[in-house]
Amino acid sequence: MSVDTEIAEIQLVLPPEVEEKRLRSLDQLQILDSPPEDRFERVTRMARLIFGVPMASVALLDRDRLWFKMVEGLPLSEVPRAETVCQTTVARTYTKPADPALIVDDLERVPEFARLPGVGGEGGVRFYAGYPLYGPGHQPVGTFCVYDTSPRTFDESQQATFRELAAWAQRELERADDLERAAAVQRQLLPAPLHGIRGYSVRSMCVPAYAVGGDFYDHYLTDEGAVFSVADVMGKGLGAAILTASVRSALRGASKALEHAKPGTSLGEAVSLVAGHVADDLSSTESFVTLFHARLERSTGHVDYIDAGHGLGLVSRKTGGVEPLPGCGLPLGVLVDEVWTAETVTLHPGDMLIVVSDGLLDLLSEDSDAHTVQDFVRGHSDPTTLCSAVAALASSSAPLDDVTVVAVRRDDVG
């Protein structure tokens, strides 16, 4: 198809929220600036052989550049985004989603393309065929392209073959599908909403910055009340998520086993047992875990807790004050022989325990700190409104880090 009458698309500027979703999807692929791979080279080599063209590429459109994961026939690794035809191919995904292929018989016949570096002249590109490639959430993140130094056309059969090759290139990006499946499993591992603590209301949430995250929360009922945990594994993405699953399983398993075998076991014993269990994993991956682990006694409102380097636990009092909870030791994985001793705080009727991860700091402001979190919490008196406010922030601005919140309010004596 010729696009001589559709060049207005070149000037299309995506709304910021749309562009941020697209860039986040690109980031989730975790492929930018990675080495060339044979699996993409096979696609571009086949395209050159089938169509008899000198150039083919698989490229990703970043914020300011077009980066080539694989390129044949062009001595380039990246070019400025503004100097590409591929940005128009990506734009067509939004304006013509049913027919996103961009095929230009002669770039020199289109003034907006003819002005681009590398178009026309001796050895310059004249023919272009591009098809968008998609990341998680079906966001257009790049292009599969073939180029020629002479004008030409694709008949219907060649267009069909071109789409099949583009589908092959797309399948090579389907690691995104693996991430989405991993994200679904991670969501399923989060506990169901906690009910049944008479006199208390609980609300929890977790918004990963990527398809999968390094934060987790957990909670479960006990005979005397409930246990709550929030942890943050250093890092983001799939690697952190793997460690997260290991730490979560170890923490829940060790805590429940100790409670059953030795009723009244201190939280410090449980955390030390978990730290020893995951020590080799954290050491080999050069990672660590911040953890807030708490046990609520329903009848008294007493909360015993361990803050292992987390630093973002606080209590919002009914009177309007917000008290940060002091830490109890280093994160898991920093020192092999670290010992954690529990602290205690009491929730009176109308008080609320809040534990967040540091992703909330990024959502609130660029220079936010614990005081910013305190101010934010002060404006929300119950778990539901607090979590709703955090969810609204996360939806309006793509999180740079995982955002987790657990809020427990003592509603009455019970």
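No value in this document is a laboratory result; all are computed from the given coordinates. What you see is a predicted model; the values in this text were computed from it and never measured. With ideal geometry, Cβ positions are generated from the backbone for all residues, glycine too; neighbour counts draw on all protein chains shown.
The figures follow:
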read-out: Candidates R92, R248, R171, ranked by Gaussian network fluctuation over the chain, Cα under 10 Å, top entry; value: R171
read-out: Amide hydrogen neighbours beyond the local backbone of V403, cut-off 5 Å, H modeled; value: V207, A209
read-out: Fully extended contour minus Cα-Cα distance, from S299 to Q188, at 0.36 nm per residue; value: 36.9 nm
read-out: Cα convex hull volume per residue for the range 192-410 (Å³); value: 110 Å³
read-out: Relative contact order (%) - the chain, alpha-carbon pairs under 8 angstrom, separation at least six; value: 14 percent
read-out: 0 to 90° range, to nearest 10: angle between helix 267-284 axis and the chain longest Cα axis; value: 30 degrees
read-out: Cut-off under 5 Å, modelled amide H: who pairs with V125 long-range; value: V119, G120
read-out: Between helix 175-189 and the chain: long-axis angle, C-alpha atoms, 0 to 90°, nearest 10; value: 20 degrees
read-out: For the chain, share of DSSP beta bridges that run antiparallel, in % to the nearest 5; value: 95 percent
read-out: The range 97-118 versus the range 251-268: alpha-carbon centroid distance in Å; value: 66 Å
read-out: Burial ordering of F144, F228, fewest other beta-carbon atoms within 10 Å first; value: F228, F144
read-out: Cα→Cβ-extended label distance, 7 Å offset, between D369 and R109, nm; value: 6.4 nm
read-out: Long-range HN-HN contacts of A226 with modeled amide H, under 5 Å; value: L296, R298
read-out: Under the Karplus curve 6.51 cos²θ - 1.76 cosθ + 1.60, θ = phi - 60°, whole-Hz ³J(HN,Hα) for the range 129-135, x wherever Gly or Pro sits; value: 9, x, 9, x, 10, 10, x
read-out: Angle between the chain longest axis and helix 156-172 axis [Cα atoms, degrees, rounded to 10]; value: 30 degrees
read-out: For the range 93-99, Karplus couplings with θ = phi - 60° (6.51, -1.76, 1.60), whole Hz, Gly/Pro x; value: 4, 8, 8, 9, x, 7, 9
read-out: All aspartates and glutamates inside 14 Å of K21 as judged from Cα atoms, apart from same-chain residues fewer than 8 positions distant; value: D62
read-out: Relative contact order of the range 7-173, defined on C-alpha pairs under 8 angstrom at six or more residues apart (%); value: 24 percent
